[in-house]
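Please treat every number below as a calculation from the coordinates, not as lab data. These numbers come from a predicted model, not from an experiment. Counting neighbours? That spans all protein chains shown, and the Cβs are built from the backbone with ideal geometry, glycine included.
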Amino acid sequence: MAIGVASFNLLQPVIGNYFCLIDENMWGIIRQNVGVTGGLSSQGLGNHMMRLRPVASAMRNYSSATKEMTVRDALNSALDEEMAADPNVFVMGEEVGEYQGAYKITKGLLDKYGPERVVDTPITEAGFAGIGVGAAYHGLRPVIEFMTFNFSMQAIDHVINSAAKSNYMSAGQINVPIVFRGPNGPAAGVGAQHSQCYGAWYGSVPGLKVLVPYSSEDARGLLKAAIRDPDPVVFLENELLYGESFPVSAESLDSSFCLPIGKAKIEREGKDITITAFSKMVGYALKAAEILEKDGINAEVINLRSIRPLDRATINASVRKTNRLVTVEEGFPQHGIGAEICASVVEDSFGYLDAPVERIAGADVPTPYAANLERMAFPQIEDIVRAAKRACYRSVPMSATA
Amino acid sequence: MWKHLPLWKLLSTVELSTSITKSKAIFSSALNFDYSKPHYIKFFSSGLYFIILFLFLFFSDPSPNLTFQSLQQPKTTTDAMALARRSSGLLKPLSTASSSSLLQRRPFSTDDTTTITVETSVPFTGHNCDPPSRSVDTTPKELMTFFTDMAFMRRMEIAADSLYKSKLIRGFCHLYDGQEAVSIGMEAAITKKDCIITAYRDHCIFLGRGGTLLESFAELMGRQAGCSRGKGGSMHFYKKDACFFGGHGIVGAQVPLGCGLAFAQKYRKEDHVTFTMYGDGAANQGQLFEALNMAALWDLPAILVCENNHYGMGTAEWRAAKSPAYYKRGDYVPGLKVDGMDAFAVKQACKFAKEHALKNGPIILEMDTYRYHGHSMSDPGSTYRTRDEISGVRQERDPIERIRKLIFAHDLATEKELKDIEKQARKEVDEAIAQAKESPMPDESELFTNVYRKGYGVESFGTDRKELRATLP
């Protein structure tokens, strides 16, 4: 059984019905509020390619002057451009119109496109998710916003039974080009009912695509790809990332820019250990990698970008290179994303593992409110560092296992 | 020659012989006849009697082999009225403009020009709206089409019953017999660009939208020739080119979906409507009211059709709903209560609803109907209702019988012709089943097709991923 080496590097032409520009890896300094630098090193496999691309390296010279964009603006611009390009695209959800979006993601769209295309709904998720799916049956391209994915549980029957399964049950007659988007996972101090991560739930359903952007470029490229995709896409954003700025390349500002669905991105090259993460945890993993660097552990950080389809090829290729794996997620640990990645690696690359796979996940409890307890309920950078060191058999004081 | 004579003819030979004797007596008396007296009348009358009897015996047709074209003596209007009165009294042909056609009869199947006005069984009851009139215009062709189509639907459902019992159909099988008039009446009022979406009792709706018997049976048996290529099953029939969007297994889910279809029709400024069908069991679903609220807010051209067969699975409507007046449950949304066993009432109501929805937004139609079978094939249908009730409805309100009586009342076909149509239905259904049985099961590679419209070459797995993997195209 062959696992193709994922060409996760530079020139990755995507053949599609629509224009998708070439995906480029992030070069340059990733400037975040916390001020951590990303890897500047070139790709191991892509070295020979670099010499053939003077244009790209020229761009790299301007990397420090690249534009910065918040995730919020990235999402807003992506929605704006897709609505301008295709009159079938419309946005529907609570407070998306006059309120300018509960998190201001849809700011300005009502004024630009009018109430027929930016539709405010009553607080009836089951109803408007169903209406969105019905509109998609008829050929429109709805973007349904859930104020948070916790409320998607009210409508989960429509996401799964009405949207995900329709193309299969109708043997291809009825496809559902819908996007369900909204913030997923914990925010800060919002309590148990508003803090769950739904990546594992939606990621297990065949027929759905589940995307998890991290940076602004991810947000733009993946949302555009999601809107253009003919299948139902669950687009899990993160509330705390909305305000963060990331540098964006010139290509990503182009209105036909989109990222391939189902391809992870190596945010940081390394050779000692692989750390997989998605959404906000990518930032934490990158910071953990900095700390590990000082201890001589060279970590490779993979930004999953897509939970379904999961880029097993990239993950396995990385583990075959580094021989150690730590998976990071914010969701509940049992039956989580890390469990799936671990199983996949054990099945496909068992012989390459030098240590058991480590999982860092949210605590197995409903989310508490108190700040100290909430801090214990979600992964912190030191958790990732500790797990990486364990996987590297560095001496870490073992706490009594329960 | 004697053995070909029926009994009544034999008896009349007795009469013949007595008349001969009589006439002999008269003849003998004729010889001594006094022509000055008026006895000749008696003589002639008995002879006339004999002649008439003779003519009657040898020129009348013993077998009622009345073909449509060979009828020489058309029945009069009064006869038709008498027939109608003899029937359940529900039929009142107000006028037959076809009185002109009584003299030159045309074959039933192509007569599209004469108008027959039929009255619905009961008047409509409106909620927040003025109900339409009870008089429905139709043509002989439409009447015959109603009969034929309903006969086909009924036959299909009965055949599906036997197929299920012989284990050729698996899983769920929800039968629609008894409710055919709803599908037929609706199709008569709308076009194929108007959308229909329904729940799992969808076989006949699929047929009404233009689906074929072969596609139905093959899908039920899980074969490649099925409308969903065997991957959907009984509850997931679709026909997108005829705007039939399924076939949904989750009770009530189809209502917001239908309002979504109406949303798209309005978004695109189409002049079409969506008929969202649901049952009395689904009428209590919260998402129905959520969708109805939005449909009313945004004036969507959605028509919610409650097929009230009075039982939500095994629960009677009075046990499930505090207010079983489903046509009123829309509150601010107008509603109409319709006799769902009367195809013309359904047709009139759907026509009315379409005009209403295009101008004013959603409307609820409650079709008062009945299903003869249980909820599904695993339900005998008798633990929560009496057999008397079922047979009572079958006798009094059967939709096909109603059309049959109308056809006789307007003299559009004979008993034999209708029986021939039913035989034809049976024949075609049997042929379709035979053809469907020939159709192969889906190829094993079909396990992995249509998961996505666009799969990006992603890998999918069988139960043992080291054994079976596939790339999704």
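Peptides A:158-168, A:277-287 ordered by packing proxy, namely the average of other Cβ atoms within 10 Å per residue, highest first: A:277-287, A:158-168. The local environment of residue B:209, defined by Cβ-Cβ distances under 15 Å, has a net charge of -3 under the rule Lys, Arg +1 and Asp, Glu -1.
FRET efficiency for the residue A:190 to residue B:113 pair, using the beta carbon distance and R₀ = 60 Å, is estimated at 0.30.
Distance between the modelled labels on residue A:68 and residue A:204, one decimal in nanometres: 4.1 nm (7 Å Cα→Cβ projection).
What shape does region B:115-176 take by its C-alpha gyration tensor, where a ≥ b ≥ c are the square roots of the eigenvalues and a/c under 1.5 counts as rounded, a/b above b/c as prolate, and the rest as oblate?
Note, shape of region B:115-176 comes out oblate.
Multiply the residue separation of residue B:391 and residue B:464 by 0.36 nm, subtract the distance between their alpha-carbon atoms, and state the gained length in nm to one decimal. Present the calculation step by step, with values, prior to reporting the outcome.
Details: separation 73, 0.36 × 73 = 26.28 nm, distance 5.22 nm.
Taking residue B:391 through residue B:464 to full extension adds about 21.1 nm, to one decimal.
Amide hydrogen proximity for residue B:125: with H placed 1.01 Å from N in the peptide plane, the residues at 5 or more positions away or on another chain lying under 5 Å are B:337.
Computed from backbone phi, the HN-Hα couplings of region B:177-186 come to 5, x, 9, 4, 4, 5, 5, 5, x, 5 Hz, rounded to whole numbers (Karplus: 6.51 cos²θ - 1.76 cosθ + 1.60, θ = phi - 60°; Gly and Pro given as x). Each of the peptides B:148-158, B:212-222 was scored by the mean count of other Cβ atoms within 10 Å over its residues; in descending order, highest first, they stand as B:212-222, B:148-158. Is the shape of region B:397-439 rounded, prolate or oblate, going by the alpha carbon gyration tensor and its root eigenvalues a ≥ b ≥ c, with a/c under 1.5 for rounded and a/b larger than b/c for prolate? Note, shape of region B:397-439 comes out prolate. Per-residue mean of foreign Cβ neighbours for B:261-269 is 6 (Cβ atoms of other chains, 10 Å radius). Shown here for region A:298-380: chymotrypsin sites (Phe, Trp or Tyr not before Pro) in loop regions (DSSP other than H, G, I, E, B) with at most 13 other Cβ atoms within 10 Å, namely A:369. Checking the Cα-Cα distances for A:263/A:321; B:141/B:328; B:351/B:419; A:112/A:280; B:239/B:266; B:141/B:405 against a 24 Å cut-off, the pairs over it are B:141/B:328; B:351/B:419; A:112/A:280.
In the structure shown, do any of B:193/B:231; A:209/A:265; B:347/B:427 have a Cα-Cα gap over 19 Å, and if so which?
B:193/B:231; B:347/B:427
Positive contributions from Lys and Arg (+1) and negative ones from Asp and Glu (-1), summed over other residues with Cβ under 9 Å from the Cβ of residue B:243, come out at +3. With each label modelled as a point 7 angstrom along the Cα→C-beta vector, the residue B:415-residue B:383 pair spans 4.1 nm. Indicate the gyration tensor shape class of region B:212-253 (rounded, prolate or oblate), computed on the Cα atoms with a ≥ b ≥ c the square roots of the eigenvalues: a/c under 1.5 is rounded; otherwise a/b larger than b/c is prolate and the rest oblate. Oblate, because a/c is 1.5 or more while a/b does not exceed b/c. Stretched out straight at 0.36 nm per residue, the stretch from residue B:212 to residue B:139 would grow longer than its current Cα-Cα span by 23.8 nm.
Label positions at residue A:375 and residue A:112, each projected 7 Å from the Cα along the C-beta direction, are separated by 4.1 nm. For residue A:359, nonlocal amide neighbours, meaning residues 5 or more places apart or on other chains whose placed amide H falls under 5 Å from its own, are A:327. Subtracting the Cα-Cα distance of residue B:359 and residue B:322 from their residue separation scaled by 0.36 nm leaves 10.2 nm. Cα centroid separation, region B:433-473 to region B:286-309: 37 Å. Karplus-derived 3J(HN,Hα) values for region A:104-118, using 6.51 cos²θ - 1.76 cosθ + 1.60 with θ = phi - 60°, are 6, 6, 9, 4, x, 6, 5, 5, 7, 10, x, x, 6, 9, 10 Hz; glycine and proline are entered as x.
Residues in region A:168-179 carry Karplus couplings, in order, of 6, 5, 9, 6, x, 5, 10, 9, 10, x, 10, 10 Hz; the curve used is 6.51 cos²θ - 1.76 cosθ + 1.60 with θ = phi - 60°, and Gly or Pro positions show x.
Sum up the charges of everything whose Cβ sits under 10 Å from the Cβ of residue B:347, counting Lys and Arg as +1 and Asp and Glu as -1, but leave residue B:347 out. The partial results should precede the final answer.
Values: positive: B:351; negative: B:137, B:142, B:187, B:342.
Here the count lands on -3.
Take the Cβ atoms of residue A:394 and residue A:363, set R0 to 25 Å, and the FRET efficiency comes out at 0.55.
Please rank B:359, B:437, A:263, fewest neighbouring Cβ atoms within 10 Å first, as an exposure proxy.
Details: B:359 9, B:437 13, A:263 20.
Final ranking by Cβ density, sparse to dense: B:359, B:437, A:263.
For the pair residue A:334 and residue B:446, what calculated FRET efficiency results from E = 1/(1 + (r/R0)^6), where r is the Cβ-Cβ distance and R0 = 41 Å, to the nearest 0.05? Intermediate values should be presented prior to the final figure.
Numbers: r = 34 Å, r/R0 = 0.82.
Calculated value: 0.75.
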